[in-house]
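This report refers to the structure that appears directly beneath it.
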Amino acid sequence: SERFFIHSRYMASSAEAPSFEGGHTDDTTPPQHTPGLSPDFIAECERRMREHSSIFFEFVQSIPENKICIDCGSRQAYWVSVYYGIFICINCSGKHRSLGTHLSFVKSPNLDKWTEKHMWYVALGGNKRAKEFMERSLLQDMDIQERYSSRAMSEYKDILSGEVMKFLSPAELERERVAAAAAAAYNLNNSSSSSGQERVTSISSDDVFGKKQKKSR
């Protein structure tokens, strides 16, 4: 039952975001050595992702910690900062957007389209894990700008990203490969651009498959 999966996740010991061994060997078998998460929880997340993003979010939003905004404590945490895998309220989502997508990429569980990759950030992250990391890193008293600009949160995001890549299906990994090739080709073709001209420095699979390119000056 859902109650069993949620309970078993938080009975597992929480680790400070280490990476782990293992990876997707086929379309049905996820890695079994995930920090702080039970194999049953991982399997249930994967099953729900395959059905629909709404089915997945119905599950992860039933977790008590994910119902509360990680930044202000509001009980209306209906938005997600994807690459930290955290739930936030609408007021804090505006503050996150002001940071820029390089620091916080905000999406709605209900209004936006979700890829497998982005859902894995939420499955492997979550408010409980992120909050415990913030407390250990002495970030809990910082404002949003300072907290998410910190080196500690940058490292947390990078480690979570590394974990996510080990869970992706072959089809999603191919999307990532195509995206990386497109980024390399674009930047090669624009290498002669003037220093003052905007240049795309990174393209994700979202960019290749129909969403905005990320730009930096």
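Miscellaneous remarks
- Qualifying positions in the stretch 104-113 - within 16 Å of SER161 (Cβ to Cβ) and open to solvent by 10 Å² or more (accessible area, probe 1.4 Å): PHE105
- Which listed residue is more than 15 Å from LYS128 (Cβ to Cβ), polar (S, T, N, Q) and not in a loop (DSSP other than H, G, I, E, B), from SER54, SER104: SER54
- Test: ARG97 is of a type in the set (D, E, K, R), over 16 Å from ALA130 (Cβ atoms), in a helix (DSSP H, G or I) and open to solvent by less than 60 Å² (accessible area, probe 1.4 Å): no
- Residue among ALA123, ALA180 that alone is within 20 Å of PHE57 (Cα to Cα) and either in contact (Cβ under 8 Å) with a residue 24 or more places away in the chain or open to solvent by 30 Å² or more (accessible area, probe 1.4 Å) (or both): ALA123
- Of all the residues in the stretch 59-94, those that are open to solvent by less than 40 Å² (accessible area, probe 1.4 Å), among the β-branched types (Val, Ile, Thr) and part of a loop (DSSP other than H, G, I, E, B) number 2.
The values are calculated or read from the model by the stated rules, or taken from the named source; none is laboratory data. Worth saying up front: this structure is predicted, and the values here are computed from it rather than measured. Heads up, the Cβs are rebuilt from the backbone with ideal geometry, glycines too, and the neighbour counts pull from every protein chain shown. Only protein heavy atoms, including side chains, enter the accessible area calculation; ligands, DNA and RNA are left aside. Shrake-Rupley method; radii C 1.70, N 1.55, O 1.52, S 1.80 Å.
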